[in-house]
Ligand code: MUC
Ligand code: MG
């Protein structure tokens, strides 16, 4: 079965409330729905969430690089020839989110053609994941109210707290308020999106040493090479790399240089094919991972869940799968559900993505 065409459909769905963090803010899901058509009549689908502040891609660039570069390069390639697809796409550097969506849509076709779920094809370890919820910037009392609502409505007890403002006037107080309000039984970890310096990170971590944080993610930029190693060498909790590890070589560099001790895997930026390699790399090195969220829609969260549930290493920790809860609407015909703190993996064939075509017609921005 061969690829005959690739569609890149830009759309916009507003969020109920903005998600704010150190490197940016999200007010609407201005994403691109990617459809891979084949001569067998099967169509694979995935979502591309452009993040200009992280990888430099925009909705317009994702749409045009797919239409003008990737579609011509891989039309005619067989759906099982994933390495050919990647070799051809990699003639164009960067553009991780556009490449990842094409990769996942191809896996969707493969699953459909075999009448198997992608999660089972990848590894089939479990059928559900515990969920971690991301709490964005707001005054401490609002952050606490959000975490309490999410715990009470969805049974989620793991929270990733966004930091990266002024640690000593804003962030430490917010994390402390969350721990005091939620008690010892919830799990808390922090994500700085590169907003702090290594020096302030060290001081802030000392001030939060009694708050039982599980780990800290991307507190300062990877380009602060020695600062980050210095921070890792004295931290009492693991330091995870996220946006600094968008490629396998970057994972190796951050881990072996001692600049990080764990990594976030986001299917939105490494698809399934490369994410699979990252799991092998981390397993071989004995390094912990978290399934991260790139402020994904239900389609993106469904893909992250399919991948996270496939392997013991990725299923070990609660996965970040709940950002879609803040969207006013979604393209999935059958909504994802989080109950008792868990999300069940959608069964196939493929990824099990059914799009509500009326909603797509309503939200697409190219017609
Ligand atoms: C995260 O983990 O950093 C913020 C920007 C982005 O691309 O993902 C988020 C969450
Ligand atoms: Mg992060």
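Bear in mind these aren't lab numbers, they're just calculated from the coordinates by the rules spelled out. Everything numeric in this text was worked out from a predicted model, so none of it was measured. Glycine gets a Cβ as well: all are built from the backbone with ideal geometry, and neighbour counts include every protein chain shown.
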Report the residues of region 143-187 in range of a label on residue 337: point 7 Å along Cα→C-beta, backbone N strictly under 16 Å from it.
153-156
Relative to the longest principal axis of the C-alpha atoms of the chain, give the angle of the C-alpha long axis of helix 273-285, reported between 0 and 90° and rounded to the nearest 10°.
40 degrees
Once both labels are modelled 7 Å past Cα along the beta-carbon direction, what's the residue 1-residue 170 spacing in nm?
4.8 nm
Can you work out the PRE-style zone for residue 329? Point 7 Å along Cα to Cβ, and I want the residues of region 335-365 with backbone N under 18 Å.
335-336, 354-365
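At a temperature of 20 °C and a viscosity of 1.002 mPa s, determine how fast the chain diffuses translationally according to Stokes-Einstein, using the Kirkwood radius over alpha-carbon pairs as Rh; express D in µm²/s, rounded to the nearest whole number.
Working: Rh = 20.6 Å.
Translational D for this selection: 104 µm²/s.
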Output ordering of 94-101, 258-265 (per-residue mean of other Cβ within 10 Å, highest first) is 94-101, 258-265
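Full extension from residue 58 to residue 358: what is 0.36 nm times the residue separation minus their Cα-Cα distance, to one decimal in nm?
On the way: separation 300, 0.36 × 300 = 108.00 nm, distance 2.49 nm.
Length gained, residue 58 through residue 358: 105.5 nm.
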Compute the long axis of helix 225-234 from its Cα atoms, compare it with the longest principal axis of the Cα atoms of the chain, and write down the angle in degrees, 0 to 90, nearest 10.
60 degrees
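Length gain on complete extension for the stretch residue 344 to residue 316, per 0.36 nm per residue less the alpha carbon to alpha carbon distance? Don't jump to the answer; show the numbers that get you there.
On the way: separation 28, 0.36 × 28 = 10.08 nm, distance 1.48 nm.
Once the chain is fully extended between residue 344 and residue 316, it gains 8.6 nm.
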What's the center-to-center distance, using Cα atoms, between region 96-131 and region 219-272 in Å?
25 Å
Based solely on its DSSP helices, what 222 nm [θ] is calculated for the chain when runs of n ≥ 4 H residues each add -39,500 (n - 2.57) and the sum is averaged over all residues, nearest 500 deg cm²/dmol?
-11000 deg cm²/dmol
For the Cα atoms of the chain, what angle does the longest principal axis make with the long axis of helix 198-207, in degrees from 0 to 90, nearest 10?
60 degrees
Would you please state which residues of region 152-176 a label at residue 141 would reach in this model, taking the label point 7 Å out along Cα→Cβ and a backbone N cut-off of under 15 Å?
174
So how do 210-220, 53-63 stack up, highest first, on mean other-Cβ count within 10 Å?
210-220, 53-63
